[in-house]
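A short worksheet on the structure shown next.
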Amino acid sequence: MKGKHIVVGVTAGIAAYKAVELVSRLYKAGAEVKVVMTRNATKFVSPLVFGEISKHKVAVEMFENVQDWNVEHIAYATWADAYVIAPATANMIAKMAYGIADDMLSTQLLATTAPVFVCPAMNSNMYAHPTVQENLSILRGRGVHVLEPDSGLLACGVEGKGRLPDPQKIMDWVDFHLGKTELLQGKTVIVSAGGTQEAIDPVRYITNRSSGKMGYAVALKAAQAGAKTILVSAPTDLAVPIGVERIIVCSATEMKEAIDSHYDSADAVIMAAAVADYRVAEVANNKIKKQETMILELVKNPDILASLGERKQQQKLIGFAAETQDVIAYGKEKVRKKNLDMLVANDVSKSNAGFDVDTNEVTFIYPGDQIVSLPNMSKLDVAERIIQALADL
Ligand code: CTP
């Protein structure tokens with residue numbers, strides 16, 4: 001979002017108050033934001049609020065004295081890198097579908113060539129009305145991005161579909177589409193993530209400290225690069241990344257099955273998961289009662305990546321290695337042993353890298369011992385570099 005020019009259009013829905021948070025987040029993320037409100041929207045939230053937060057005067061009226069020599073609606077329309085209409089009422093959606101330009105916002109929407117993102121929010125019956133749905137499909141057909149409203153308790157007191165999604169969700173969605181590339185267009189990429197859970201009995205399991213954040217960031221960036229992206233994930237609290245198909249698994253055995261079933265048609269596998277090396281030899285059917293000491297017998301899990309390496313055809317294989325010492329030496333060994341095209345190695349003993357933090361410091365290791373070390377950066381930036389490296393491969 002940094003440096004992006006975003007026009008946020010606010011129309012007259014009760015969810016207009018959530019647009020305040022959206023503008024604030026966009027501003028904090030480094031975007032330059034200008035707000036345009038319909039006259040009725042100003043009855044819900046004062047333009048003063050948006051003005052203070054965006055640090056720009058809010059446009060409402062079409063025929064005010066212009067501030068400079070530019071025709072104002074055209075000036076906005078050409079300045080914008082994107083228009084985000086949140087909330088978008090049924091009325092504004094209809095105006096957009098039929099080219100009605102009777103106020104500042106609808107006129108700008110006709111005058112801009114920037115991508116337009118519409119976030120409908122209204123009563124669930126209104127949203128389900130065939131007119132609204134037809135108008136939305138007209139807009140989709142013209143390449144307008146439409147974000148489905150959330151379901152839940154609406155301001156009108158009924159449960160249903162029509163809530164404006166969380167400002168962060170709106171922002172992530174806009175960011176995803178503005179950053180889209182065709183680097184991996186037409187390719188299928190499998191990404192694994194999270195720490196597998198190996199059952200002990202019906203209520204207990206063994207796992208590790210992986211949060212899944214790195215794998216989820218890689219899946220998001222693969223989808224943003226145009227790949228059909230299948231995320232095979234151990235259980236986490238993380239939301240499904242935009243544009244990604246997610247399969248939840250628990251154990252290493254389940255993860256292997258899920259990956260194997262998609263492997264033949266895949267162009268790449270990125271194994272960011274922390275696969276448990278062992279599982280319990282015999283999982284108890286009932287909860288094990290407390291004892292003075294307890295000995296669990298563990299047996300070795302299959303090495304998923306090594307088995308993919310053994311039967312690889314067109315697929316590019318990228319592994320991860322979390323180490324606490326001799327990162328490069330162990331990494332080189334894993335590239336050879338698992339027949340990889342690239343390994344992302346990181347030292348998890350560093351406080352700003354590895355498990356459960358948002359940053360990572362990694363080294364790419366290639367066959368032939370070629371090495372590329374990256375500085376500490378966000379996991380999203382690391383993910384972007386991995387996807388770029390995969391496209392190069
Ligand atoms: N991996 C896998 N199946 C396993 C263990 C690991 O597919 N049973 C994958 C991981 O997802 C990762 C890579 O292999 O991409 C390296 O994992 P890592 O745990 O660093 O290496 P191991 O091979 O398990 O070796 P060690 O634990 O001895 O370092």
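The values are calculated or read from the model by the stated rules, or taken from the named source; none is laboratory data. Source: prediction; values computed, not measured. So basically every Cβ, Gly included, is an ideal-geometry build from the backbone, and we count neighbours across all protein chains shown.
Restricting attention to region 19-49, report how many residues are touching a residue at least 40 places away in the same chain (Cβ under 8 Å), buried (at least 16 other Cβ atoms within 10 Å of the Cβ) and either touching a Lys or Arg at 6+ places or on another chain (Cβ under 9 Å) or not assigned by TED's automatic domain parsing to the domain that holds ALA101 (or both).
So the answer is 2.
Can you tell me which residues in region 144-169 are hydrophobic (A, V, I, L, M, F, W, C) and touching a strand residue (DSSP E or B) at 6+ places or on another chain (Cβ under 6 Å)? Can you show your working first?
Kept after step one, since they are hydrophobic (A, V, I, L, M, F, W, C), are these residues of region 144-169: 144, 146-147, 153-156, 158, 164.
Within region 144-169, VAL144, VAL146, LEU147, LEU153, LEU154, LEU164 qualify.
Going by the structure shown, is VAL269 within 8 Å of the ligand (Cβ to nearest atom), under 22 Å from VAL191 (Cα atoms) and at pLDDT 95 or above?
Working: within 8 Å of the ligand (Cβ to nearest atom): no; under 22 Å from VAL191 (Cα atoms): yes; at pLDDT 95 or above: yes.
No.
Look through region 165-177, keep the residues that are out of contact with any His (no Cβ under 9 Å at 6 or more places or on another chain) and farther than 24 Å from ILE270 by Cα, and return whichever of them is surrounded by the fewest Cβ atoms within 10 Å (Cβ to Cβ).
Within region 165-177, the subset out of contact with any His (no Cβ under 9 Å at 6 or more places or on another chain) is 165-172, 175-176.
Next, from what is left, pick out any that are farther than 24 Å from ILE270 by Cα: 165-171.
Numbers: PRO165: 20, ASP166: 15, PRO167: 19, GLN168: 12, LYS169: 16, ILE170: 24, MET171: 21.
By that ranking, first place goes to GLN168.
Could you list all residues from region 346-361 that are over 10 Å from ALA322 (Cβ atoms) and of a type outside the set (Gly, Ala, Ser)?
LYS350, ASN352, ASP356, VAL357, ASP358, THR359, ASN360, GLU361
Looking only at region 153-164, which residues are surrounded by fewer than 12 Cβ atoms within 10 Å (Cβ to Cβ) and either outside any loop (DSSP other than H, G, I, E, B) or at positive phi (or both)?
Quick first cut of region 153-164, residues surrounded by fewer than 12 Cβ atoms within 10 Å (Cβ to Cβ) only: 153, 157-159.
LEU153, GLY157, GLU159, listed by residue number.
Could you please find all residues in region 345-377 being within 21 Å of the chain's Cα centre (by Cα), touching a residue at least 24 places away in the same chain (Cβ under 8 Å) and part of a strand (DSSP E or B)?
ASN360
Against the condition of a type in the set (Lys, Arg) and within 12 Å of the ligand (Cβ to nearest atom), how does LYS338 come out, does it pass? Show your work before the answer.
Working: of a type in the set (Lys, Arg): yes; within 12 Å of the ligand (Cβ to nearest atom): yes.
Yes.
Looking at region 341-373, which of its residues are more than 14 Å from the ligand (Cβ to nearest atom), farther than 19 Å from GLN388 by Cα and polar (S, T, N, Q)?
SER351, ASN352 - these are the residues of region 341-373 that are more than 14 Å from the ligand (Cβ to nearest atom), farther than 19 Å from GLN388 by Cα and polar (S, T, N, Q).
Any chance you could count how many residues in region 184-229 are part of a loop (DSSP other than H, G, I, E, B) and among the hydroxyl-bearing types (Ser, Thr, Tyr)? Don't jump to the end; show me each part of the working.
So in region 184-229, the residues part of a loop (DSSP other than H, G, I, E, B) come out as 184-187, 194, 196-197, 202-203, 207-212, 225-227.
Still in the list and also among the hydroxyl-bearing types (Ser, Thr, Tyr): 196, 207, 210-211.
Going through region 184-229 one residue at a time, the tally reaches 4.
What pairs can you find where one residue is in region 128-147 and assigned by TED's automatic domain parsing to the domain that holds ALA88 and without any contact (Cβ under 8 Å) to a residue 24 or more places away in the chain, the other is surrounded by fewer than 19 Cβ atoms within 10 Å (Cβ to Cβ) and outside any helix (DSSP H, G or I), and their Cβ atoms are less than 8 Å apart, with a gap of 6+ or different chains?
ARG140/VAL146
Which strands (runs of 3 or more DSSP E) does region 230-334 wholly contain that include 1 or more residues that are over 17 Å from ALA219 (Cβ atoms) and touching a residue at least 12 places away in the same chain (Cβ under 8 Å)?
On the way: elements: 244-248, 268-271, 278-280, 298-300, 316-323.
In region 230-334, the matching strands (runs of 3 or more DSSP E) lie at 278-280, 298-300, 316-323.
For region 313-335, give me each residue that is more than 12 Å from the ligand (Cβ to nearest atom) and buried (at least 19 other Cβ atoms within 10 Å of the Cβ).
So the first thing to find is which residues in region 313-335 are more than 12 Å from the ligand (Cβ to nearest atom), and the list is 313-316, 328, 332.
Within region 313-335, GLN315, LYS316, LYS332 meet the criteria.
Every residue, every condition in (1) on the phi > 0 side of the Ramachandran plot; (2) buried (at least 17 other Cβ atoms within 10 Å of the Cβ); (3) out of contact with any helix residue (DSSP H, G or I) (no Cβ under 6 Å at 6 or more places or on another chain), yes or no:
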residue: VAL240; (1), (2), (3): no, no, yes
residue: VAL244; (1), (2), (3): no, yes, no
residue: ALA266; (1), (2), (3): no, yes, yes
residue: ALA281; (1), (2), (3): no, no, yes
residue: LYS287; (1), (2), (3): no, no, yes
residue: ALA306; (1), (2), (3): no, no, yes
